[in-house]
Amino acid sequence: MHDHTKTARPFGMTPPAGARLLFANRVSAFSRLLRAGCCLVVWLFSAASMRAETPLVASLGAYRGSLQAPACVAADAAGYLYVTDPQAGQVVVFDGFGRVAQVVPGFSGPLGIALDANGQIYLSEAASGSVTVFDAQWHPLYKLGGGDHEFLLPNYLALDPAPGSAAVYVSDSKANLIKVYRAGAFDFSFGGKGTNDGQFNFPTGLHLAANGEVFVVDQNNERVQVFGRSGDFRRSFSLVTPLGGMGLGSAGGRSQGITGDPLGRLLVADSFQGFVRVFDAQGNYQGRFGGLGELPGQFGTPLGLVMDGCGRLFTASANNGRVEVLGLDGFAQFSAVPAQQVVCAGTNVAFSVTVTNPGVCTFQWRKGASPLGDGGVVSGATGLVLNLVGVSPADSGQYSVQVTGPGVDLTSPAANLTVLLPPTILSFSSSQTVIFGTNVTFAVGVLGEALSYQWFFRGYPMDGATGSSLTLLNVQPDHAGAYSVEVRNSVGAAVSPVAQLAVLVPPGPPKIESSILLPGVGVQLTINGDMGYSFWIDGANNLADWVALTNIVNETGSLDVVLPLSTNFPNQFYRMRWMP
């Protein structure tokens with residue numbers, strides 16, 4: 001029995017007649033790639049193991065991140081993998097070690113994706129029927145042709161690898177056309193609805209070979225058609241192949257992605273039956289690998305395919321919510337574990353490289369473009385293991401290894417290392433007593449990098465209070481209380497001392513109710529005012545030049561105060577004022 005409720009149908013997928021129920025049964029759960037240790041690992045297989053027929057395939061795990069139903073994939077020269085996810089409306093970017101480097105949301109059914117040598121990104125969106133060109137920072141530059149609704153269904157994309165060419169090929173699946181653009185403008189198209197040579201019934205995957213040939217998956221005609229760069233038909237070959245006694249007949253399975261490997265073989269994703277089929281460049285069937293399932297090396301609706309420069313095949317497995325990674329023949333695999341790229345100062349860091357025959361290889365570790373040598377925190381700069389002992393912020397950078405041997409000259413993708421000091425609080429504002437209506441600022445001095453701040457009032461976090469200082473405007477009595485701040489970065493946190501804020505509300509005007517001259521003693525003043533406040537009593541002889549005589553705390557509300565007579569004030573004027 002199968003669960004008919006979980007299958008995510010990708011864009012551009014139409015099950016063959018009589019097979020819709022079977023298609024709905026292809027369900028797989030998410031996979032998780034578990035890693036342990038702290039290393040960079042490279043596996044190299046000898047070129048002598050490569051065969052011209054069916055490739056030797058090794059399962060290397062999977063990339064998942066936040067993927068829901070990945071569709072298409074593209075790889076750049078630095079080892080980064082770009083994955084479209086139409087169900088989630090996002091593009092997820094992985095670095096050369098399978099770590100999520102970026103998630104770019106906000107797209108409407110992103111499908112095809114391609115990268116050029118200048119770092120520009122080409123992305124098709126089903127909902128708008130458009131292909132947008134972005135710079136490397138995802139700033140939109142322009143859209144192909146007329147922009148939105150240029151295409152009925154822009155599915156797969158391919159860029160011409162020929163030197164100096166700027167041609168972009170787009171399979172417009174619902175229009176049954178391959179459309180070609182140069183510098184953003186429409187150049188020409190070829191195809192059309194039909195079954196004859198050069199015609200299509202829902203074209204999907206595209207592969208532009210270095211020899212000048214364009215391979216197009218003609219999905220509903222169960223074939224791959226081959227054209228010249230100008231769209232001239234050359235030949236075709238069938239995707240109906242033997243299935244090895246599986247009992248499903250010999251029909252294909254709604255093929256989607258296509259790519260080429262370093263030996264010139266063609267790899268075609270059979271999305272319905274879960275295979276990757278292998279053909280030579282002339283269309284001779286070589287075999288298949290994969291199969292439906294959620295185990296390593298298996299697929300749930302394989303769609304887009306791409307080979308990187310290290311002999312790794314990345315396959316978007318939509319119903320498994322992951323990108324399956326396979327090594328074909330001679331390949332190199334990299335992993336950096338644990339996934340985090342930021343460590344605390346004082347940590348020991350180790351990178352290692354594993355090869356099948358280390359005795360015939362030499363190794364040179366690098367930081368950036370500079371080769372490392374032993375000394376200081378570094379040891380093992382030319383060995384299998386690079387050790388960094390007690391790292392400091394100065395050791396932050398990108399680390400890679402160059403492996404050289406018979407038939408091998410490979411530099412791994414760069415593993416980024418960021419070393420941070422945990423935050424240390426150096427200073428904090430002292431407690432304050434202020435009159436209501438004034439402005440108050442608390443500030444903190446911190447040693448550390450990449451810091452975030454959260455201020456607290458009476459032990460609770462304050463909304464929006466995330467700066468290095470806190471300013472309170474027009475303070476009121478309910479602002480009185482304890483203030484503190486927590487300072488954090490990815491390697492630690494520190495909490496400040498508590499500063500108390502007292503907010504004073506001025507009392508009402510005090511009054512001198514009466515005065516009595518006490519001969520030989522002084523003057524007795526009967527005063528009245530709000531209890532609990534301090535007051536000054538001033539004296540003067542001209543109602544202008546006041547001098548502070550004494551201060552009192554009014555604890556009873558009404559009280560008598562005796563002041564000695566002073567020859568400085570022959571007219572003896574007195575007043576009271578609040579002492580904040």
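The values are calculated or read from the model by the stated rules, or taken from the named source; none is laboratory data. All of these numbers come straight from a predicted model, not from anything done at the bench. Ideal geometry is used to build each Cβ from the backbone, glycine not excepted, and the neighbour counts take in all protein chains shown.
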Evaluation of residue 578 against (1) farther than 21 Å from residue 435 by Cα; (2) surrounded by 12 or more Cβ atoms within 10 Å (Cβ to Cβ) (one fails), failing number: (1)
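Within region 441-456, is even one residue in contact with a Phe, Trp or Tyr (Cβ under 9 Å, 6 or more places away or on another chain), at pLDDT 95 or above, assigned to a loop (DSSP other than H, G, I, E, B) and not assigned by TED's automatic domain parsing to the domain that holds residue 531?
Step one: filter region 441-456 for residues in contact with a Phe, Trp or Tyr (Cβ under 9 Å, 6 or more places away or on another chain), giving 442-446, 455-456.
Retained after the next criterion (residues that are at pLDDT 95 or above): 442-446, 455-456.
From the residues that got through so far, the ones that are assigned to a loop (DSSP other than H, G, I, E, B) too are none.
Looking for residues that are in contact with a Phe, Trp or Tyr (Cβ under 9 Å, 6 or more places away or on another chain), at pLDDT 95 or above, assigned to a loop (DSSP other than H, G, I, E, B) and not assigned by TED's automatic domain parsing to the domain that holds residue 531, one finds none in region 441-456, hence no.
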Failed item, numbered, when residue 403 is tested on (1) of a type outside the set (Gly, Ala, Ser); (2) more than 30 Å from residue 329 (Cα to Cα); (3) at pLDDT below 95; (4) crowded, with 16+ Cβ neighbours inside 10 Å: (2)
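Looking at 78, 36, 29, which one is at pLDDT below 50, out of contact with any strand residue (DSSP E or B) (no Cβ under 9 Å at 6 or more places or on another chain), assigned to a loop (DSSP other than H, G, I, E, B) and of a type in the set (Gly, Ala, Ser)?
Values: 78 fails: at pLDDT below 50; 36 fails: out of contact with any strand residue (DSSP E or B) (no Cβ under 9 Å at 6 or more places or on another chain).
Just a single option satisfies the conditions, and that option is 29.
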Check on residue 436, surrounded by 14 or more Cβ atoms within 10 Å (Cβ to Cβ), more than 20 Å from residue 345 (Cα to Cα) and either free of Cβ contacts under 8 Å to residues at least 12 places away in the same chain or more than 35 Å from the chain's Cα centre (by Cα) (or both): yes
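Which residue out of 480, 499 is small (Gly, Ala, Ser), touching a strand residue (DSSP E or B) at 6+ places or on another chain (Cβ under 6 Å), touching a residue at least 40 places away in the same chain (Cβ under 8 Å) and not assigned by TED's automatic domain parsing to the domain that holds residue 549?
499
How many of the residues in region 184-200 are among the β-branched types (Val, Ile, Thr) and under 39 Å from the mean Cα position of the chain (by Cα)?
Result for region 184-200: 0.
Does region 169-185 contain any residue that is part of a strand (DSSP E or B), closer than 23 Å to residue 262 by Cα and in the same structural domain as residue 121 (by TED's automatic domain parsing)?
yes
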Filter result (without any contact (Cβ under 8 Å) to a residue 60 or more places away in the chain, at negative phi and not in a strand (DSSP E or B)) within region 212-243: 221, 230, 232, 239, 240, 241, 242, 243
Single residue of region 332-359 satisfying the filter (more than 24 Å from the chain's Cα centre (by Cα) and modelled with pLDDT under 70) that is surrounded by the fewest Cβ atoms within 10 Å (Cβ to Cβ): 359
